[in-house]
1. Let me have the relative contact order for segment 8-198, percent, based on Cα pairs under 8 Å that are six or more residues apart.
2. Compute the relative contact order of segment 256-435 as a whole-number percentage, counting only Cα pairs closer than 8 Å that sit 6 or more residues apart in sequence.
3. Quick check: net charge around Gly123, other residues with Cβ under 13 Å of its Cβ, Lys/Arg +1 and Asp/Glu -1?
4. On alpha carbon coordinates alone, what is the Rg over Rh value for the chain, Rh being the Kirkwood radius?
5. Calculated FRET efficiency, Glu101 and Glu349, Cβ-Cβ r, R0 56 Å, to nearest 0.05?
6. Please give me, ordered by residue number, the GluC sites (Glu not before Pro) of segment 140-188 that lie in loop per DSSP and have at most 16 other Cβ atoms within 10 Å.
7. Quick check for you: with a 1.4 Å probe and neighbouring chains kept, what is the accessible area per residue of the chain, in Å²?
8. Which of Pro63, Leu151, Leu16 sits farthest toward the positive end of the charge dipole of segment 1-151, with +1 on the Cβ of Lys and Arg and -1 on the Cβ of Asp and Glu?
Amino acid sequence: MNGLMMDCPLVISSILRRAARYFPEKAIVSRYEDESIFRSNYGQFYTRVVRLMNVLRDLGIKPGDRVATFAWNHRRHLELYFAVPCLGAVLHTVNLRLHREQLRYIFNHAQDRVIFADRALAGLLAGLKPNLPTVERYILMDERGPEPAELPTPWVDYEQLMEAASDREEFPRLDENTAAGLCYTSGTTGEPKGVLYSHRSTYLHAMSGCMVDTSAVGEREIVLPVVPMFHVNAWGLPYSSALAGATQVFPGPLVLDRPLAELLEAERVTIAVGIPLIWNRLYQYLKENKHDLSRLHTLFVGGAAAPRTLIEGFARDFGINVIQGWGMTETSPVGTVSRLKSAMVGWTETERLQVQVKQGIPVITVEARILDEAGQDLPWDGQHVGELVVQGPWIASAYYANSGADAAFTQDGWFRTGDMATMDERGYMQIADRKKDLIKRKGEWISSVDMENEALAHPGILETAVVGRPDEECDELPVLFFVTCKELAAPVEIQDIIALLGHKFARWQLPRPEDVHLVASLPKTSVGKIDKKALRLWLPCPPLEAQPS
Ligand code: AMP
């Protein structure tokens, strides 16, 4: 039909141009591993991205080629976030905590032509090199970390290439449906699966991050992503921040306790983003060490359920809002965000917390349903648990190059998340479990996520995880592992934990005393979540080496 709106492609180069044109003086702060700071701004950043595009051209990178990164969060990684897709190539961010075998699989499956790696991490690639036939060159970024014993060859220094490259500005015209980024799922079962983001999906997702009811990234904000840039584009924060003209602060590899608290304080960060484990550690640290974090108004938490105690503790002790979001590699990742609606502001604290521990309502353009095993919609009553299925413009429609079973993608256009959840009358979704983690006792479900959340209300418990163990009579029974806080006034009694759980759970749902175990630490996945697959190998009780000394 005539007279419609303009058809302007939603491409990553327009995010870059906007940042450089309207916010050239806004800062990009990057901390090296030796804790020294590098400061630049979007104006200087633009010039460097243009150069980096020419570096890539000089290396013979063509549209569609995969360019891998193997790096922590820093300004050069940000340069790659823009230069690679702006050239029409695909930015493949690789999780540096993966096992060697998975790394080998991923680099080969993606057929990466070059790898941009932190120099300190390049030692990990040296051993893999003979098994990476598609990789022509390693470009090393010096982030002032320790020198590895061995480097992969042929390698060349990033800055050396930058110095030799031209400043000629040349942006190819790209269709908005061009591939821009590639990230593999952390895959605790089977081979990792590739998820391919487009310019359009990245742009739309970045816009949604700027909305007040999503991540609320605006020009006034100073944003620090603790979530690694190798994990689902650091949840889209670098793109949202550039779009909004927000200051960006990159912490490098030091993201725990003192170095994190000092950076948050010194750079007057207003929004920080990461998994619950990071914020739990920070909370414990801040209780004993004084820092002025008065500028920090929001901790955006996702990747695993945010415990009630965390939300409560940060608000009460530091006046910091913990906002929870849910997402997956396949959903770019932000799918839902839990913010209180205006009518809830006057509710009691307990009522508000009941909403805040949920994963929230779908963000704009995303649709969600919960289905029973027959694929029928379940009622939104906060009780019925079904599989969460989602749909939207930044949700994968298939895995990259057939990397994995496509059972999750059905003909009806909904992505089956593998997460089991409830929906309440107000549209707030709450994750009960991953499908495979839900515990089934005599045909009735027990949510491990719920039980972990309750156990964390014990002041002596730092971390906890619940898994099901097979039982002949009951099918499955819950087993709870816990780690205690460092400074304990009194030992944590197993009976007290069970009594605490008794406030929320029916008697038949409670773990038996012999199924509650104190351990020294819990196994974690490559993205820092509790590794339930590894935990199940401990059953029926933890091995000697996992027990506290
Ligand atoms: P990944 O693709 O590695 O980011 O993992 C995605 C999975 O993490 C989801 O399918 C959920 O099981 C889990 N997850 C993400 N965010 C949350 C959240 N806020 N609460 C509970 N589980 C979450």
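The values are calculated or read from the model by the stated rules, or taken from the named source; none is laboratory data. Model, not experiment: these values are computed from the prediction. Positions of Cβ are generated from backbone atoms using ideal geometry, with glycine treated the same way; all protein chains shown enter the neighbour counts. Just the protein is used for accessible areas: all its heavy atoms, side chains included, with ligands, DNA and RNA removed. Shrake-Rupley method; radii C 1.70, N 1.55, O 1.52, S 1.80 Å.
1. Numbers: 344 pairs, mean separation 43.6, N = 191.
About 23 percent, as a whole number.
2. Details: 334 pairs, mean separation 27.5, N = 180.
Relative contact order, segment 256-435: 15 percent.
3. Working: positive: Arg100, Arg119, Lys129; negative: Asp118, Glu147, Glu150.
It works out to a net charge of 0.
4. Details: Rg = 23.4 Å, Rh = 24.4 Å.
Rounded to two decimals, Rg/Rh equals 0.96.
5. Numbers: r = 48 Å, r/R0 = 0.85.
E(calc), rounded to 0.05, equals 0.70.
6. Details: sites: Glu143, Glu150, Glu159, Glu163, Glu169, Glu170, Glu176; in loops: Glu143, Glu150, Glu169, Glu170, Glu176.
Sparse-neighbourhood loop GluC sites (Glu not before Pro): Glu150, Glu169, Glu170.
7. Numbers: 23450 Å² over 549 residues.
So the chain comes to 43 Å² accessible per residue, rounded to a whole number.
8. About the Cα centre, the residue reaching furthest to the positive side is Leu16.
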